[in-house]
Structure formats: C-alpha cells, structure tokens
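Working notes, beginning with the structure itself.
The values are calculated or read from the model by the stated rules, or taken from the named source; none is laboratory data. These numbers come from a predicted model, not from an experiment. Backbone-built Cβ (ideal geometry, glycine too); neighbour counts: all protein chains shown.
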Amino acid sequence: MELSGKSVMVTGGASGLGAACVRLFSQSGARVLIADINSEGGQKLAQEIGAAARFVQTNVVDEASVQAALKEAQEAFGGLHVLVNCAGIGLAERTLGRHGPHSLEAFTRVIQVNLIGTFNALRLAAQLMSNNEPNTEGERGVIINTASVAAFDGQIGQAAYSASKGGIVGMTLPVARDLARNGIRVVTIAPGIFDTPLMAALPEPARVSLLQQAPFPPRLGKPEEYALLARHIVENPMLNGEVIRLDGAIRLPYLIR
Ligand SMILES: CCCCCCCCCCCCC[C@H](O)CC(=O)SCCNC(=O)CCNC(=O)[C@H](O)C(C)(C)COP(=O)(O)OP(=O)(O)OC[C@H]1O[C@@H](n2cnc3c(N)ncnc32)[C@H](O)[C@@H]1OP(=O)(O)O
Ligand SMILES: NC(=O)c1ccc[n+]([C@@H]2O[C@H](COP(=O)([O-])OP(=O)(O)OC[C@H]3O[C@@H](n4cnc5c(N)ncnc54)[C@H](O)[C@@H]3O)[C@@H](O)[C@H]2O)c1
C-alpha cells in the first residue's frame, strides 16, 4: 500500500530501529503513533517529528495498554493501516552459568516482551485494521514484526532471546494465513547487528568480535536501513508470510571473544 496519508503504529518506536521507522514513515507522509514504554524518549521524538507523530506510553505485554494506544490511533488518525513491532529487550545468560541455572524469571520476561508482546500488539491491531475499506488489491493493513538473526544462529547466552525471536519467525506464516481473508499482510524482518542502544548493551569485545564476522558491509547496520526495508514491505503487496534477514551476510559465531 501507499504510505502517504496512512496511519502507522510503531511499538518500541522511541528508540533504535523503531525510531528510524517513525522518522522515515512520517517523512513519507504517514501519521505515526509512537507506542513505547519509555515516556521520555517517546515524547521527545514526537516533539521532534511534530504534527505527524503522537506518543502514547504503551506496554506491549499489557492488553489494556495496547488497546489504549489503538484507541488513540482511531481517535487521532481515524484508524490504523500499518503496525511495526519493534518493542523488545535483550538478555545474555548461559543455560548453566557459574552461579547455577538460567533464571526462569529472566527467561519468562524476555518471552513475554519479545514474543507475547509482539503477538498481543498484532492481534489487537489486526482487529482495528479489519475495519478499513480495502484498497484495489483488497488490502486493509500490513503488520511488520522484528525477529533477529539470533532466531537462527543463537550464541552462547541467547537461549531466552533466540527462543523469543524464533517464536516470532515461527508464527509469521500462520498469522499471515489467518489474516489473509482480512486483507492484512504479515512480514517479519530478522536484523543482524545494528547500531542501536540495545546493541550497545553488548560488551565492547563481543561487538568487536561480531563486527569481524560481518562479510559485507563490514559494519553495524544503520537503523534507517531497517526502516527502508520496512517501508518497502508496506509498499510491495507481494511480500507476505515471509521472514527477511537483513544482516550483511553475517552468521553469528559460536564464541563471542
Ligand atoms: C538484563 C540486561 C541484559 C543486557 C545484556 C543484553 C546483551 C544482548 C544485546 C544484544 C542485542 C542485539 C541482539 C540482536 O538480535 C542481534 C544479535 O543477536 S547479535 C549477537 C549478540 N550476542 C549475544 O547476545 C551473546 C550473549 N552472550 C554473552 O554475552 C556471554 O556468552 C555470556 C552469557 C555473558 C556468558 O559469557 P562468559 O564469558 O561465559 O561470561 P561469564 O560471566 O558467564 O563467565 C566469565 C568467565 O567464566 C567462564 N565461565 C563461564 N561459565 C563457566 C562454566 N560453566 N565453567 C567454567 N568456566 C565458565 C567464562 O568462560 C569466562 O571465562 P574468561 O574467558 O573470562 O576467563
Ligand atoms: N539492534 C540490533 O542489532 C537488533 C538486531 C536484531 C533484532 N533487534 C530487535 O529489534 C527491535 C528493536 O531493537 P533496538 O535495537 O532498536 O533496541 P532499542 O532498545 O533501541 O529499542 C527497543 C525499544 O523497545 C521499547 N520497549 C521495551 N520493552 C517494551 C515494552 N514492554 N513495551 C513497549 N516498548 C518496550 C524500549 O523502551 C525501546 O524504546 C527489538 O525487538 C530487538 O530485539 C535488534
């Protein structure tokens, strides 16, 4: 679908990859709702963008919170055409470390935010999108999820994170099949290593090690490069039910040092 004039919600839109989507999509003529748990960052970005953006503090794990954000999209923008799921958290913990077994609470939290939060947002957004008038393709909406190369090449310490991202990969096709009759497409991007605050949480030696594994381009991805793919997914009606690696041909190595 054409982005101009459409309404978009970006979860995790206050930072990193999501913020790049907020910027690019608003520059492309869309009105964007920033749905993020980080109020300070979200409000700051909304002020930077101006009239084309609004911020609603949102916790993707919480049904009422996501519904409130969607209500804002309905009231402020008249509905919703695109959802970009970028909200997510990281974790680095061995299954069996020096201090004993992996924390179950930490594992659960990562699954809740990254996997369940993604599904919570898309299922509720799909309901709002289903009210849209279909375009000439019969299309009513587009949902973009964010997995990771860690869904396929998970490293030491990534059991929880990779499981959460593998779940997003696994549900992409069945959700696309579910929503086909509603004219809603579903595509997942699996980024490699991108220059964001989340990646900055990885110890420097690990980041250096990863960069040495990046075939081409031998650098961290730019968040705007993620946003460019997200925009193309919206604009290309033949993209559906697929997971697209955006990674410069990196394959995560076994060891990070
Ligand atoms: C709660 C907030 C968490 C914030 C951290 C978030 C980090 C993740 C951010 C990534 C964001 C981008 C993700 C994106 O999708 C793209 C990618 O996935 S890129 C790939 C990212 N890679 C990772 O995230 C890897 C994460 N793993 C690690 O960082 C490490 O493997 C680890 C889990 C920290 C464990 O590393 P260790 O070196 O083992 O560190 P330890 O503290 O466990 O150990 C130190 C020392 O002891 C030795 N040791 C460990 N366990 C044992 C053992 N069972 N027996 C004997 N010795 C052990 C270990 O070898 C170390 O020895 P040293 O070499 O230091 O002498
Ligand atoms: N940076 C990378 O290299 C990389 C690679 C692969 C996948 N990813 C994924 O991309 C997505 C965006 O990551 P990023 O690198 O931009 O990180 P980031 O930390 O810059 O942005 C993540 C955003 O999600 C928000 N968030 C966290 N928990 C939330 C919740 N419960 N509800 C609502 N918002 C919440 C944070 O406040 C933050 O603004 C994540 O899902 C991450 O797993 C990142």
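If you go through segment 172-185, how many residues are under 17 Å from Leu80 (Cα atoms) and within 16 Å of ligand 2 (Cβ to nearest atom)?
Adding up the residues that qualify gives 0.
For segment 93-114: of the residues being surrounded by 16 or more Cβ atoms within 10 Å (Cβ to Cβ) and near ligand 1 (Cβ under 10 Å from one of its atoms), which is nearest to Thr196 (Cα to Cα)?
Asn114
Do you know which of the residues in segment 55-71 that are among the small types (Gly, Ala, Ser) and either surrounded by 20 or more Cβ atoms within 10 Å (Cβ to Cβ) or within 18 Å of the chain's Cα centre (by Cα) (or both) is nearest to Leu229 (Cα to Cα)? Spell out the reasoning first.
Initially, segment 55-71 is screened for residues among the small types (Gly, Ala, Ser), giving 64-65, 68-69.
Filter again for either surrounded by 20 or more Cβ atoms within 10 Å (Cβ to Cβ) or within 18 Å of the chain's Cα centre (by Cα) (or both), leaving 65, 69.
Values: Ser65: 28, Ala69: 25 Å.
Top of the filtered list is Ala69.
Just for segment 183-205: of the residues that are more than 14 Å from the chain's Cα centre (by Cα) and more than 7 Å from ligand 1 (Cβ to nearest atom), which one is nearest to Asn135 (Cα to Cα)?
Per the criteria, the residue is Gly183.
Per-residue answers, yes or no, for (1) buried (at least 24 other Cβ atoms within 10 Å of the Cβ); (2) modelled with pLDDT of 95 or more; (3) charged (D, E, K, R); (4) out of contact with any Ser or Thr (no Cβ under 7 Å at 6 or more places or on another chain):
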site	(1), (2), (3), (4)
Gly5	no, yes, no, yes
Val10	yes, yes, no, yes
Ser26	no, yes, no, yes
Val32	yes, yes, no, no
Lys44	no, yes, yes, yes
Ala53	no, yes, no, no
Ala73	yes, yes, no, no
Ala76	no, yes, no, yes
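Listed here are the residues, each with its yes/no results for (1) within 26 Å of Ala69 (Cα to Cα); (2) over 17 Å from the mean Cα position of the chain (by Cα).
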site	(1), (2)
Leu104	no, yes
Val113	yes, no
Phe119	yes, no
Val149	no, no
Ser162	no, no
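Which count do you get for residues in segment 52-78 that are part of a helix (DSSP H, G or I) and closer than 21 Å to Gly167 by Cα? Show your work before the answer.
Just the residues of segment 52-78 that are part of a helix (DSSP H, G or I), to begin with: 63-77.
When the remaining residues are screened for being closer than 21 Å to Gly167 by Cα, the result is 63, 66.
Looking only at that region, the number is 2.
If Ala249 meets every condition in (1) at pLDDT 95 or above; (2) surrounded by 18 or more Cβ atoms within 10 Å (Cβ to Cβ) apart from one, which number is that one?
(2)
Name the residues in segment 140-161 that are within 30 Å of Leu128 (Cα to Cα) and either more than 11 Å from ligand 1 (Cβ to nearest atom) or surrounded by 24 or more Cβ atoms within 10 Å (Cβ to Cβ) (or both), would you?
Arg140, Gly141, Val142, Ile143, Ile144, Asn145, Thr146, Ala147, Ser148, Tyr161
Consider segment 216-257. How many of its residues are part of a loop (DSSP other than H, G, I, E, B) and β-branched (Val, Ile, Thr)? Quick ask: steps written out before the conclusion?
Pass one, segment 216-257, residues part of a loop (DSSP other than H, G, I, E, B): 216-220, 222, 236-242, 247-257.
Next, from what is left, pick out any that are β-branched (Val, Ile, Thr): 250, 256.
Adding up the residues that qualify gives 2.
Checking the structure you have, find out if any residue of segment 38-49 is more than 16 Å from ligand 1 (Cβ to nearest atom) and touching a Leu at 6+ places or on another chain (Cβ under 6 Å).
no
In segment 226-257, how many residues are under 21 Å from Leu17 (Cα atoms) and free of Cβ contacts under 8 Å to residues at least 40 places away in the same chain?
Result for segment 226-257: 3.
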